[in-house]
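The values are calculated or read from the model by the stated rules, or taken from the named source; none is laboratory data. Everything numeric in this text was worked out from a predicted model, so none of it was measured. Virtual Cβ from ideal backbone geometry, glycine too; neighbours counted across all protein chains shown.
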Amino acid sequence: MTDMGAAMGAPPPRRWKVWHFILIAVGALALLGAILYFILSSVLTPIVASGDDFMTALKNGDYERAYSLTTPSLRQELGNSQQMAQNVAAYRPEGWSWSQRRMRNGIGMLVGQATYQSGRTGAVRLTLHQVDDQWRIAAYSLN
């Protein structure tokens, strides 16, 4: 008995080529990357927003606001907003950008560069903890 499809000139069944597998793998990696990007950005957005709020308060000289955005333990260490103002007066930011955004074990970290109102540039590092569903500044370094 002969195969009717072969007798009628039907094309042979398609075979998967190496480039098919490469294309599928690249597509899957791109999809995975997009999913991870959206997950990480949604997790890190509140941390970045809190860091930006703190830096904006410093920029505007609103030390009461900056002080209110810190954790209770940092407030205790700082004393009050006037002491905070004395500590950071030389480092009032004019602008900043975050080059690293991380969260590990419930601790947020922002690292970046700042341009200070004096015209100097330097590194900025903020450590954030979640207190009462709000991300608060637990430590900062401006230099």
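Collect the residues in the range 7-47 that are small (Gly, Ala, Ser) and either at pLDDT 85 or above or over 24 Å from the mean Cα position of the chain (by Cα) (or both), keeping them in residue-number order.
Within the range 7-47, 7, 9, 10, 25, 27, 28, 30 qualify.
Give me the pairs, please: first residue somewhere in the range 105-131 and in contact (Cβ under 8 Å) with a residue 24 or more places away in the chain, second residue anywhere and in a loop (DSSP other than H, G, I, E, B), beta-carbon distance under 7 Å, and either six or more positions apart or on two chains.
That search, which allows pairs on different chains as well, returns 116/92; 117/92; 122/143; 129/71; 130/106; 131/71.
Checking the structure you have, find out if any residue of the range 87-107 is under 30 Å from residue 37 (Cβ atoms), touching a helix residue (DSSP H, G or I) at 6+ places or on another chain (Cβ under 6 Å) and among the small types (Gly, Ala, Ser).
So far as the range 87-107 goes, no, none of its residues is under 30 Å from residue 37 (Cβ atoms), touching a helix residue (DSSP H, G or I) at 6+ places or on another chain (Cβ under 6 Å) and among the small types (Gly, Ala, Ser).
Scan the range 110-135 residue by residue and report those that are in a strand (DSSP E or B) and out of contact with any Phe, Trp or Tyr (no Cβ under 9 Å at 6 or more places or on another chain).
Selection gives 121, 123, 130, 131, 134, 135.
So that you can scan it fast, the table gives a plain yes or no per residue for (1) at pLDDT below 95; (2) in contact with a Leu (Cβ under 8 Å, 6 or more places away or on another chain); (3) not charged (D, E, K, R):
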residue: 56; (1), (2), (3): no, no, yes
residue: 66; (1), (2), (3): no, yes, yes
residue: 96; (1), (2), (3): no, no, yes
residue: 132; (1), (2), (3): yes, no, no
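Looking at the range 91-101, which of its residues are surrounded by 12 or more Cβ atoms within 10 Å (Cβ to Cβ) and free of Cβ contacts under 8 Å to residues at least 40 places away in the same chain?
The answer is 92, 94, 95.
I need the full set of residues from the range 63-93 which are charged (D, E, K, R) and within 18 Å of residue 125 (Cα to Cα), in order please.
Those that are charged (D, E, K, R) and within 18 Å of residue 125 (Cα to Cα): 75, 77, 92.
So in the range 97-134, with the set limited to residues that are in contact with a Gly (Cβ under 6 Å, 6 or more places away or on another chain) and of a type in the set (Val, Ile, Thr), which one is nearest to residue 68 (Cα to Cα)?
Only one residue tops the list, namely 124.
Return only the number of the condition from (1) exposed (fewer than 14 other Cβ atoms within 10 Å of the Cβ); (2) under 22 Å from residue 134 (Cα atoms); (3) among the hydroxyl-bearing types (Ser, Thr, Tyr) that residue 50 does not satisfy.
(1)
Could you tell me how many of the residues in the range 66-90 are more than 23 Å from the chain's Cα centre (by Cα), in contact (Cβ under 8 Å) with a residue 12 or more places away in the chain, surrounded by 13 or more Cβ atoms within 10 Å (Cβ to Cβ) and farther than 20 Å from residue 116 by Cβ?
1
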